[in-house]
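A.B. asks: Attaching a single structure in structure tokens format; questions to follow.
The values are calculated or read from the model by the stated rules, or taken from the named source; none is laboratory data. Because the structure is predicted, anything quoted here is derived from the model rather than measured. Cβ placement follows ideal geometry from the backbone for every residue including glycine, while neighbour counts extend to all protein chains displayed.
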Amino acid sequence: MNNPVLNSNAITMQHGRLIVPDQPIIPYIEGDGTGPDIWRATVRVLDAAVAKSYQDQRKIQWLEVYAGEKAYRLFDTWLPDATVDACKNYLVSIKGPLTTPIGGGIRSLNVALRQMLDMYVCLRPVRWFNGVPSPVKNPKSVDMVIFRENTEDIYAGLEFAQKQQRLRTFLALLKEHFPDQFKKIRFPLTSGIGIKPVSSEGTERLMRAAIDYAIKNQRRSVTIVHKGNIMKYTEGAFRNWAYALAENEFAEQTYTWRQSEKTKDEKGEAAANAEQADALANGKILIKDAIADIALQQVLTRPEDFDVIATLNLNGDYLSDALAAQVGGIGIAPGGNINFLTGTAVFEATHGTAPKYANLDKVNPGSLILSGEMMLRYLGWTEAADAIIQAMDATIASKRVTYDFARLMDAATEIKCSEFADALIANM
Ligand SMILES: NC(=O)C1=CN([C@@H]2O[C@H](COP(=O)(O)OP(=O)(O)OC[C@H]3O[C@@H](n4cnc5c(N)ncnc54)[C@H](OP(=O)(O)O)[C@@H]3O)[C@@H](O)[C@H]2O)C=CC1
Ligand SMILES: O=C(O)CCC(=O)C(=O)O
Ligand SMILES: [Mg+2]
């Protein structure tokens, strides 16, 4: 695989700051299924936004790296070491979706990349663009940013398949050392087993990133979403560690519901209410929590109560697709996987490979384009990022949109994936 030696055009992190050369090398993975369609559209829009904003002064040097079906075809391996190395060495990259087989076969390459590069935050902003069709009454109120923990939880891949020797060995150990827990398995002989690790370290770094973001972006609240009533020592502990982090490290900037509960117990409800009102009036960020099932209802019924959301891996996966539906669907939902300590980041759409539409030049490239917009903003190339947002507003307002929006909008003209990119460029 052609992988140029790391050179002065690599983005680096120095003293906690990204150093971005004017012609940075940025690796990209095309992706499977509809990946090539949306990547072809995306790269043109990103290049146009950079050219419009900086003329010849700045330009991205794209470096193709391989993963998934294309890597397997070319190199007989799903995720070449050279790809992981390039994402690590060049620090910032972008990818299309990759296929993961269900119920067997290779484990998720998407999840593997996140874990190998320790990108502990999956950052997924959910905002509405004027004119986008939505199933909710007031999509304008949907402006949430999901911080999904990206390296732990049941995505760790600690699974034992039914009836395999490894599972029998595991169950024998469990029976010997934890007989009470073993008895709780209803059908031990026919079960598959998964293990859910959740740590205080993983929780704290995720929550720190979420609060940092809330402070820098003048957000009102961070809601910890968990299922801690049922999974007490994983999801319940996540809630407790997240509250403790806010109280210990951000006492000046935040006020927590847990503090409010404590004041209520000690001094009564009126005192707790007054304390909270005072903290919020002084610009403190409210740290609160919600159990995952009711949170999934309330993000629909009262979206204005949700702002930044900090949650575990599986909850975050569910929440991101559910929230995307409120603002026009998965065709427009961007994301980034980020390690804020090393600077390593891989930007990618929230959706998957949508294989039935592969090579039809049909799907909405908006999710990957907006992931690229997040990438440009991450690099500090704000003018180029703004140009994309402004073009997206103008293009949607002109009602020339891909099939997913066209089927929900009145009097819209359906255009192809590539034509949507053309329209964005024309509207820049
Ligand atoms: N990060 C990643 O790389 C991810 C990979 N995947 C993988 O992708 C594969 C397919 O997963 P699946 O669950 O079907 O989910 P997908 O997100 O691929 O597709 C589900 C549906 O979402 C809609 N959709 C998806 N992408 C677009 C788009 N760009 N524009 C408009 N609509 C879109 C389509 O809806 P409609 O039918 O209504 O038109 C599509 O049928 C699996 O192998 C899965 O593991 C899944 C998620 C993330
Ligand atoms: O890796 C996959 O195939 C799916 C991942 C996913 O759904 C996500 O990260 O949102
Ligand atoms: Mg998902």
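A.B. asks: Leu79: touching a strand residue (DSSP E or B) at 6+ places or on another chain (Cβ under 7 Å), over 30 Å from Ala406 (Cβ atoms), without any contact (Cβ under 8 Å) to a residue 40 or more places away in the chain and not acidic (Asp, Glu), yes or no? Please lay out each step first, then the result.
C.D. replies: Details: touching a strand residue (DSSP E or B) at 6+ places or on another chain (Cβ under 7 Å): no; over 30 Å from Ala406 (Cβ atoms): yes; without any contact (Cβ under 8 Å) to a residue 40 or more places away in the chain: yes; not acidic (Asp, Glu): yes.
It is false that Leu79 is touching a strand residue (DSSP E or B) at 6+ places or on another chain (Cβ under 7 Å), over 30 Å from Ala406 (Cβ atoms), without any contact (Cβ under 8 Å) to a residue 40 or more places away in the chain and not acidic (Asp, Glu).
A.B. asks: Is it fair to say Ala349 is within 15 Å of ligand 3 (Cβ to nearest atom), more than 25 Å from Thr203 (Cβ to Cβ) and crowded, with 21+ Cβ neighbours inside 10 Å?
C.D. replies: So Ala349 fits the description; yes.
A.B. asks: How about the range 18-100: which strands (runs of 3 or more DSSP E) wholly inside it have at least 1 residues that are basic (Lys, Arg) and touching a Leu at 6+ places or on another chain (Cβ under 8 Å)?
C.D. replies: By residue number, 92-95.
A.B. asks: Out of contact with any Ser or Thr (no Cβ under 7 Å at 6 or more places or on another chain) and within 16 Å of ligand 3 (Cβ to nearest atom): is that true of Asn315 in this structure? Explain how you work it out, then say what you get.
C.D. replies: Working: out of contact with any Ser or Thr (no Cβ under 7 Å at 6 or more places or on another chain): yes; within 16 Å of ligand 3 (Cβ to nearest atom): yes.
Against the criterion (out of contact with any Ser or Thr (no Cβ under 7 Å at 6 or more places or on another chain) and within 16 Å of ligand 3 (Cβ to nearest atom)), Asn315 qualifies.
A.B. asks: Restricting to the range 101-154, and then to whatever is of a type in the set (Val, Ile, Thr) and part of a loop (DSSP other than H, G, I, E, B), can you tell me which residue is nearest to Ile369 (Cα to Cα)? Can you show your working first?
C.D. replies: Here is the first cut: in the range 101-154, the residues of a type in the set (Val, Ile, Thr) are 102, 106, 111, 121, 126, 132, 136, 142, 145-146, 151, 154.
If we keep only those that are part of a loop (DSSP other than H, G, I, E, B) as well, we get 102, 106, 132, 136, 142, 151.
On the way: Ile102: 28, Ile106: 28, Val132: 16, Val136: 24, Val142: 20, Thr151: 25 Å.
For the range 101-154, the residue satisfying everything is Val132.
A.B. asks: Among the residues of the range 150-185, which ones are at positive phi and exposed (fewer than 15 other Cβ atoms within 10 Å of the Cβ)? Reasoning before the result, please.
C.D. replies: Filtering the range 150-185 for residues at positive phi gives 153, 157, 163.
Result: Gly157, Lys163.
A.B. asks: Also, quick follow-up: Within the range 379-411, which residues are in contact (Cβ under 8 Å) with a residue 60 or more places away in the chain, part of a helix (DSSP H, G or I), surrounded by 14 or more Cβ atoms within 10 Å (Cβ to Cβ) and among the aliphatic types (A, V, I, L, M)?
C.D. replies: Across the range 379-411, the qualifying residues are Leu379, Ala384, Ala385, Ala387, Ile388, Ala391, Met392, Ile396.
A.B. asks: Quick check: anything in the range 281-288 in contact (Cβ under 8 Å) with a residue 24 or more places away in the chain, within 14 Å of ligand 1 (Cβ to nearest atom), more than 25 Å from Asp153 (Cβ to Cβ) and not assigned by the TED database to the domain that holds Ser108? Give the derivation first.
C.D. replies: Kept after step one, since they are in contact (Cβ under 8 Å) with a residue 24 or more places away in the chain, are these residues of the range 281-288: 284-288.
Those still in the list that are within 14 Å of ligand 1 (Cβ to nearest atom) too: none.
No.
A.B. asks: In addition: Can you tell me which residue is nearest to the chain's Cα centre (by Cα) among those in the range 61-78 that are aliphatic (A, V, I, L, M) and closer than 26 Å to Leu376 by Cα?
C.D. replies: The first filter runs over the range 61-78 and keeps only residues aliphatic (A, V, I, L, M), leaving 63, 65, 67, 71, 74.
From what is left, the residues that are closer than 26 Å to Leu376 by Cα are 63, 65, 67.
Values: Leu63: 23, Val65: 21, Ala67: 19 Å.
Checking each candidate, the answer is Ala67.
A.B. asks: Can you report the number of residues in the range 11-68 which are hydroxyl-bearing (Ser, Thr, Tyr), within 16 Å of ligand 1 (Cβ to nearest atom) and either touching an Asp or Glu at 6+ places or on another chain (Cβ under 9 Å) or not assigned by the TED database to the domain that holds Thr353 (or both)?
C.D. replies: Just the residues of the range 11-68 that are hydroxyl-bearing (Ser, Thr, Tyr), to begin with: 12, 28, 34, 42, 53-54, 66.
Subsequent filtering for residues that are within 16 Å of ligand 1 (Cβ to nearest atom) retains 28, 34, 42, 66.
Those still in the list that are either touching an Asp or Glu at 6+ places or on another chain (Cβ under 9 Å) or not assigned by the TED database to the domain that holds Thr353 (or both) too: 28, 66.
The number of residues fulfilling the criteria is 2.
A.B. asks: Being among the charged types (D, E, K, R) and more than 16 Å from ligand 2 (Cβ to nearest atom) is the filter here; which residues of the range 72-105 pass it?
C.D. replies: Of the residues in the range 72-105, the ones among the charged types (D, E, K, R) are 73, 76, 81, 85, 88, 95.
Passing the criteria: Arg73, Asp76, Asp81, Asp85, Lys88.
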